[in-house]
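Take a look at the structure below.
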Amino acid sequence: MTRTKPLVIVTRRLPEPVETRMRELFQTRLNIDDHPLSQAELVEAMRSADVLVPTVTDRIDASMLAQAGERLRLIAHFGTGVDNIDIDAAAARGVTVTNTPRVLTEDTADMTMALILAVPRRLVEGARILVEGREWKGWSPTWMLGRRIWGKRLGIVGMGRIGTAVARRARAFGLSIHYHNRRPVDAATEEELEATYWDSLDQMLARMDFVSVNCPHTPATYHLLSRRRLKLLRPDAILVNTARGEVVDEAALIEILEENGIAGAGLDVFEHEPAVNPRLLKLARHGKVILLPHMGSATIDGRIEMGEKVIINIRTLMDGHRPPDRVLPSQVRA
């Protein structure tokens, strides 16, 4: 007897190899024009699907889950962070939630390191002078001076997989590694990185040349870098955030940048994305910040690996087993 294939609804365009494999394995409904689904469209999808495959652009709250159909068994999230999904509400309805961990570590760490280099060395400013056709009179000993990173201190907020990968890259560029985490990393990793652990985030922030935000967004980390903490940063410090915009009080950061309270920032994420504060755009035009449109994990290699994890999670659940990347409510409350 042929088993009926589950209906899998995918909310955004995925790489072609991933979509093709999904079509082979499941009854799959794709988002051909890649438009972000409205709340009503997401609810309609959850009313009919066995499996929903959302992305970070899809916010799924308790009120929406309350309208889900009886068939919905799995939300197979195409992404690592699950702060856009009400995990408790899903669990209460018996809907399993999975994500795609351990895939984007190296890609996100690469982008973090790129921003750590680009902001002090004014790479975007320099490139813009040429591509915008501004007059360039040639090399000058005092023109477009940036700042050296070799020998400086990097403070990492959140020393998980990505934070550790950033630390390894930064060590190769001559930065000394400091970090704040809920607990110290294992002794072997700390020795390898010659890393200094700070149990006090405040104490660490006040001493760093660079600060990299690499922790997930949870209720406990919302505005972890608050106005008070941002004011602890040194005037020559640079902040880089490739984690989640909500971890930083963006309004306070903007004010501090406008007042030259810190030297600059590199942001790949924003508190209210896809909206970007016009004041941040103005700062970027004046060379105070580098802004990227959430590109940290954007490699074809990473996206295909994410899709492969989504497929494994779906197949495992449909075969009657526990998916390898199941997210439990207890994991997102910390």
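The values are calculated or read from the model by the stated rules, or taken from the named source; none is laboratory data. As the structure is a computational prediction, the values presented were derived from the model and not from experiment. All Cβ positions, even for glycine, are placed from backbone atoms using ideal geometry, and neighbour counts span all protein chains on display. For the accessible areas, the whole protein counts, side chains as well, though only heavy atoms, and no ligand, DNA or RNA atoms are used. Shrake-Rupley method; radii C 1.70, N 1.55, O 1.52, S 1.80 Å.
Brief remarks on what is shown
- Matching residues in segment 196-224 - criterion: being in contact with a His (Cβ under 7 Å, 6 or more places away or on another chain) and over 30 Å from D86 (Cβ atoms): T196, W198, M204, M208
- Filter result (open to solvent by less than 40 Å² (accessible area, probe 1.4 Å), assigned to a loop (DSSP other than H, G, I, E, B) and hydrophobic (A, V, I, L, M, F, W, C)) within segment 139-187: I149, M159, L175, V185
- Those residues of segment 163-194 which are of a type in the set (G, A, S) and either touching a residue at least 40 places away in the same chain (Cβ under 8 Å) or within 21 Å of M111 (Cα to Cα) (or both), in sequence order: G163, A165, A167, A170, A172, G174, S176
- Count of segment 189-217 residues which are out of contact with any helix residue (DSSP H, G or I) (no Cβ under 8 Å at 6 or more places or on another chain), farther than 18 Å from A243 by Cβ and either open to solvent by less than 70 Å² (accessible area, probe 1.4 Å) or in a loop (DSSP other than H, G, I, E, B) (or both): 7
- Answer from D268, D319, D301 - the residue that is farther than 19 Å from A109 by Cβ, modelled with pLDDT of 95 or more and acidic (D, E): D319
- Residue tally, condition closer than 28 Å to A298 by Cβ and in a loop (DSSP other than H, G, I, E, B), over segment 63-109: 15
- The C-beta contact set for segment 130-151 (first residue more than 30 Å from A167 (Cβ to Cβ), second residue outside any loop (DSSP other than H, G, I, E, B), distance under 9 angstrom, 6+ apart or interchain) comprises R134/R128; E135/I129; W136/I129; W136/L130.
- In the set D33, D58, only one residue is in a loop (DSSP other than H, G, I, E, B), at pLDDT 95 or above, open to solvent by less than 20 Å² (accessible area, probe 1.4 Å) and not basic (K, R); that residue is D58.
- Check on R134, at pLDDT 95 or above, among the basic types (K, R), open to solvent by 60 Å² or more (accessible area, probe 1.4 Å) and in a loop (DSSP other than H, G, I, E, B): no
- Condition check for M22: open to solvent by less than 60 Å² (accessible area, probe 1.4 Å) and over 24 Å from the mean Cα position of the chain (by Cα): yes
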